[in-house]
Each structure stands twice: as C-alpha cells, then as structure tokens.
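> Below are the structure tokens for one structure; questions will follow.
The values are calculated or read from the model by the stated rules, or taken from the named source; none is laboratory data. Please read these numbers as outputs of a predicted model, since none were measured by experiment. Neighbour counts run over all protein chains shown; Cβ positions are idealised from the backbone, glycine included.
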Amino acid sequence: MTTIKFSDKQYACDTDETVLDCLSRHGVDIPSSCRSGVCQTCLMRATEGTPPQDSQQGLRPTLQQQGYFLACVCKPTQDLQVALPDDSAMPKVCAVVSEKTDLKEGIMRLRLKPESPIKYQPGQFINIHEQGISRSYSIASLADEGYIELHIEQVADGKMSTWLHNELAVGEQIIIDGPHGNCFYLNDKPQQNMLLIGTGTGLAPLWGIARDALAQGHTGEIHLYHGSRTTDKLYLVDELKALADAHSNFFYTPCLSGSDVPEGFSAGRANEVALKAQEKLSQWRVFLCGHPTMVAETKKKAFLAGASFQEILADPFEFASQ
C-alpha cells in the first residue's frame, strides 16, 4: 500500500489501484474520460516521488521529465505527492538583480540571482511579479551559470518591460516564480538533428537550448535561424557565429525580412528560410520561439515536412501584455 498526497490531504492507495481510482474512492473529483491512458484528460504531476514509467507513455519527453503522468493508468510503487497541472505552480521567491546590459537598442540582458536555488532547464520561463502585474520571460542561461538570464525587449506602452528597462536597478530585488514550460533540450537522442527558429527575443530560449545541447555533447546537427525585419533587432550575432566556429555541428543563420539585407544575412523570414533549407524534417526535433503567428504557422509546416508532433516544441512570445 502506498500513500497519495493531494491538496494537503493524504489518501491510502491499495495495491494494484490507480491514482485516479484511489482519489475517486475517497471522494476527490479528478478530471477523467477514457480511463485507458489515451485521452490524457486525467493528466497530473508528481511534485514528490516518481511515477512508474508506464503511466507516462504517450506524453512528451519534456512532460515526463517534469513528473507528469496519467492518473487513470498510474499504479504507484512509492508514495506520491500529486497536483493537477494548474495547481502545481512554483512558490514565489525573491531574486536580486545582478546585471543589466544592453544587447541592442531596446533589448536588454537581465541577470537575476534567486535567494534560494531554482532548478530549471534553459528554454523554460519564469514569471516576474511587479507593479501589480505578472509577465513571463524565457530563460537564456545554462543551469550551472549561477544566475537566471532573461532577454527583455522594451515594448511600446509595456508597463513591465518599461519598468524593467528604465527603473529597476542592479542590487534591487524582484519577485519571481518558476520555472515553467516544456520548451527545453533533452539528451535522449544525442544524434538527432535539431531545427531552432526564433524571432525577436524568441532567441533567448534558443540561445540557452543550443548551448545546453552542445554542453551535453549533442552530436546531431543543430541549425538555428533567428529573424527580424532589420538588423537593429538581431542580437548576439557575433556570439552565435563564434559558437558555430567552435562546433562543427552547429549552424547559425541570421535572417532579415526587410529590403536591406547586408552580406552575411539571409533574405526572408526566418521560418521560411529555415523550411526551404530543411525540406524534410522526419526524425528531427524542432524548437519554435517568438511571434505567436510565426509559431502557429511553422508548427503546421514542420509537421507537414515530416516532423512528429511530439518533436515540435514551442514557446510563443505574446507582445500584447509586456
């Protein structure tokens, strides 16, 4: 017999009983439908303990790594503390601003040091809670760099981004929570080719993902396409070129959709340039980060080019609420 802890209450789970049946037997209402591990309506997350592997079949590898499982087929072999996906948010913590650096005009690197360690994967995101509002920003740093790095564009009439750019000072504290999100590198297929496409500060998670993959010894090809209309919104160009020079399996293509395309840049939207160069994506893993329209369109095109839906990881950047 094992114990299931849910919403600060403990429930005894009988041998060969699923988490869903256990909670239902104790009068706890959990969303469910097929009860056979197909519809994924009963998706839950183990915040403590490890669910059996067969209860994670069919889930994205990134969800599996974070402890998600299907309650209707999960027969626990150890005590579990579980939560519904919407109930598993991380607690808020204070973080000190350790660095503010301009990457380009209107685009800033912000580095934070949380008061207590936060375990994250490069490419996930955190929420910043200040000025009575909350905004999400993707993580560009590696897990062992000792800080959380964000790339923040100052958006016209954006309350949070304007405050972060103009008022927040080094040494001050802000409130954050996280990490969240499934857009990060997994070292489960080190020989797999990867396609990374980003626009604007959608480069932030891709910068982290690419370096994380290389640091873990990824041997498959990694192709990163970063796009903007003009060069003033393309940043880390020199750093990405240096990364490509240092790693024979990493390829970087800066893309410009405007009329002025200097030498060394590819003409066209990043997603269009990328999909033209990589027409067949069967067995590839695809990361899409940036403008929601680009992400939505490219998801469909990548799938039609042969990429498995399970292998397309996305992080759309919502401008309206920054």
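> Considering only region 155-202, state which residues are part of a strand (DSSP E or B) and either assigned by TED's automatic domain parsing to the domain that holds GLU221 or under 18 Å from the mean Cα position of the chain (by Cα) (or both).
Matches in region 155-202: ILE176, ASP177, GLY178, PRO179, HIS180, MET194, LEU195, LEU196, ILE197, GLY198, THR199.
> So which of LEU214, LEU224, LEU243 ends up being modelled with pLDDT of 95 or more, assigned to a strand (DSSP E or B), hydrophobic (A, V, I, L, M, F, W, C) and not assigned by TED's automatic domain parsing to the domain that holds ILE126?
LEU224
> Hey, among ALA302, ALA270, ALA296, ALA277, which residue is modelled with pLDDT of 95 or more, under 21 Å from TRP207 (Cα atoms), outside the structural domain of PRO61 (by TED's automatic domain parsing) and surrounded by fewer than 20 Cβ atoms within 10 Å (Cβ to Cβ)?
ALA277
> Pull up region 117-150, narrow it to residues that are among the small types (Gly, Ala, Ser) and under 21 Å from the mean Cα position of the chain (by Cα), then point me to the one that is farthest from LEU186 (Cα to Cα).
SER134
> What pairs can you find where one residue is in region 274-286 and touching a residue at least 40 places away in the same chain (Cβ under 8 Å) and outside any loop (DSSP other than H, G, I, E, B), the other is acidic (Asp, Glu) and surrounded by 14 or more Cβ atoms within 10 Å (Cβ to Cβ), and their Cβ atoms are less than 6 Å apart, with a gap of 6+ or different chains?
ARG285/GLU311
> Out of (1) surrounded by fewer than 22 Cβ atoms within 10 Å (Cβ to Cβ); (2) in contact with a helix residue (DSSP H, G or I) (Cβ under 7 Å, 6 or more places away or on another chain), the odd one out for SER134 is which?
Going through the list (1) surrounded by fewer than 22 Cβ atoms within 10 Å (Cβ to Cβ); (2) in contact with a helix residue (DSSP H, G or I) (Cβ under 7 Å, 6 or more places away or on another chain), SER134 breaks only (2).
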